[in-house]
């Protein structure tokens, strides 16, 4: 985990006062997995993925954004993207309940914004 320190300083004229030093820790509370429904696929096949996001924290995340590079990779001096998002195919669930479709930008990268991830 990443740690940070913070201290405030107050100046008035020639007087300087420092606060105590506090130490904080940034904890990872979100984790994500992406799994293809099928193990293999061919050219022009539709591939269905399940992306599962888990919030192990105590507070919900609202307004979160998910970004997917659609398999983009370097090929010589170019970047190739083998996957294409099919508009209207994202289904967004919270605890098994279908939610309104979030804002999707097809990309690449594919960007899904306005997500809520409950604690």
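Every number in this text was worked out from the coordinates using simple rules, so none of it is lab data. Only a predicted model underlies this, so the values are computations on that prediction, with no experimental measurement involved. Positions of Cβ are generated from backbone atoms using ideal geometry, with glycine treated the same way; all protein chains shown enter the neighbour counts.
Some notes on this structure:
- Efficiency of FRET between residue 60 and residue 23 - r from beta-carbon atoms, R0 30 angstrom, step 0.05: 0.70
- Short-range pairs are left out: with C-alpha atoms under 8 Å and at least six residues apart, the relative contact order of the chain is 22 percent.
- Rg/Rg_globular for segment 29-117, with Rg_globular taken as 2.2 N^0.38 Å and Rg from C-alpha atoms: 1.20
- Inter-site label distance for residue 49 and residue 81 at 7 Å from Cα along Cβ, in nm: 1.2 nm
- Using a Förster distance of 30 Å, the FRET efficiency for residue 2-residue 98 (Cβ separation, nearest 0.05): 0.25
- Stretchable slack from residue 105 to residue 11, in nm (0.36 nm times residue separation minus alpha-carbon distance): 29.1 nm
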